[in-house]
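Q: One structure, as structure tokens, below. Some questions next.
The values are calculated or read from the model by the stated rules, or taken from the named source; none is laboratory data. Because the structure is a prediction, the values reported are computed rather than measured. Cβ: placed from backbone, ideal geometry, glycine included. Neighbour counts: every protein chain shown.
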Amino acid sequence: MKKILDWLGFRKHELIKENRSFFNNFDKNKPFEEYEYVVLDTELTGLDPKKGEVVSIGAVRVRNLRIMIGGNYFCYAKPSSPLPKDSTLIHRITPQQIETAPPLQEVLPDFIKYCEGAILVGHFIKIDMTFLGKALKKHFGGTLGNIWLDTLKLAQSLEEYRRRHSYSDDPIENSFNLNKLAVKYSLPLFEKHDALEDAIQTAYLFLYLTQKLRTTGCVTLNDLMIAQSNATLPSDQSHSTA
């Protein structure tokens, strides 16, 4: 019976219903600078979706292709199990920092509201949305309907365009690691493995990529979506924020 009710949508939280309703028949054909974006990053207890949990979320909003630094979002979330030592070594979040943090289901409503009406952007965003989606489905009966853009795939699309047209003297990028791309493109550098700092880093990358992709003929949101869908992930998989 529970699965039937889930399938019919009776257990969906009102915030999820409103979110998905907004993105039904969403117009993707306007110039991409006319949309608002939420650039996000998460820190996790591990990369296994069956066991890993979100322990922090960082996000910044982009409006008129400008980062709205004053309106950022950040939270810690206390996982159901103790923090693994190997994950602490990566993101440097200590058990003491999350001891008094609320569980993820208590912070997700504010995050859903923060993402209201925005296109979501992340670097290898599938990982973030997999873990967030698992929690949203468990506690709120459904996932977000927001459209996603992946700066990893957009970066690869740009590099593939440069390779085909050979108009740039810059070396072709083979690693799509967030920090390496920031160095390659001479972007400001922020602290690695901090959800908010990585979100800001990704936002700068996103603005750079949209500027460059515009010169290749990407004008609308749909053009960006097509560009990322045509990109092929690098075989070395060096595409994380590590």
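Q: Regarding Leu189, is this residue at pLDDT 85 or above and within 30 Å of Glu14 (Cβ to Cβ)?
A: No, not satisfied.
Q: Continuing with this model, one more query. Does Thr130 fit the bill of being part of a helix (DSSP H, G or I), out of contact with any Phe, Trp or Tyr (no Cβ under 8 Å at 6 or more places or on another chain) and under 22 Å from Ile67 (Cα atoms)?
A: no
Q: Pairs under 9 Å by beta carbon, first residue farther than 22 Å from Phe124 by Cβ and modelled with pLDDT of 80 or more in region 162-182, partner of a type in the set (Ser, Thr, Tyr) and surrounded by fewer than 18 Cβ atoms within 10 Å (Cβ to Cβ), six or more apart or different chains?
A: Final answer for the pair search is His165/Thr216.
Q: Can I ask one more? Would you please name the residue that is modelled with the lowest pLDDT, looking only at residues in region 67-95 that are part of a loop (DSSP other than H, G, I, E, B) and not small (Gly, Ala, Ser)?
A: Selected residue: Pro84.
Q: I need the full set of residues from region 19-56 which are part of a loop (DSSP other than H, G, I, E, B) and within 23 Å of Met225 (Cα to Cα), in order please.
A: Asn24, Asn25, Phe26, Asp27, Lys28, Asn29, Lys30, Tyr35, Glu36
Q: Is there a residue in region 57-65 that is under 19 Å from Gly142 (Cα atoms), modelled with pLDDT of 95 or more, out of contact with any strand residue (DSSP E or B) (no Cβ under 8 Å at 6 or more places or on another chain) and assigned to a loop (DSSP other than H, G, I, E, B)?
A: no
Q: Every residue in region 139-157 that is of a type in the set (Phe, Trp, Tyr) and part of a strand (DSSP E or B), please.
A: Of everything in region 139-157, just one residue is of a type in the set (Phe, Trp, Tyr) and part of a strand (DSSP E or B), namely Trp148.
Q: Something else about it: Since Ser175 meets every condition but one in (1) within 19 Å of Val39 (Cα to Cα); (2) in a loop (DSSP other than H, G, I, E, B); (3) touching a Pro at 6+ places or on another chain (Cβ under 8 Å), which condition does it not meet?
A: Of the numbered conditions (1) within 19 Å of Val39 (Cα to Cα); (2) in a loop (DSSP other than H, G, I, E, B); (3) touching a Pro at 6+ places or on another chain (Cβ under 8 Å), the odd one out for Ser175 is (1).
Q: Please enumerate the residues belonging to region 45-60 that are in contact with a Gly (Cβ under 6 Å, 6 or more places away or on another chain) and crowded, with 22+ Cβ neighbours inside 10 Å.
A: Within region 45-60, just Thr45 meets the criteria.
Q: Can you name the residue in region 189-218 that is farther than 22 Å from Glu159 by Cβ and among the aliphatic types (A, V, I, L, M) and, of all such residues, is surrounded by the most Cβ atoms within 10 Å (Cβ to Cβ)?
A: Filtering region 189-218 for residues that are farther than 22 Å from Glu159 by Cβ and among the aliphatic types (A, V, I, L, M), the one surrounded by the most Cβ atoms within 10 Å (Cβ to Cβ) comes out as Ala199.
Q: Going residue by residue through region 219-226, is there one that turns out to be at pLDDT 95 or above, in contact with a strand residue (DSSP E or B) (Cβ under 8 Å, 6 or more places away or on another chain) and hydroxyl-bearing (Ser, Thr, Tyr)?
A: Yes, some residue in region 219-226 is at pLDDT 95 or above, in contact with a strand residue (DSSP E or B) (Cβ under 8 Å, 6 or more places away or on another chain) and hydroxyl-bearing (Ser, Thr, Tyr).
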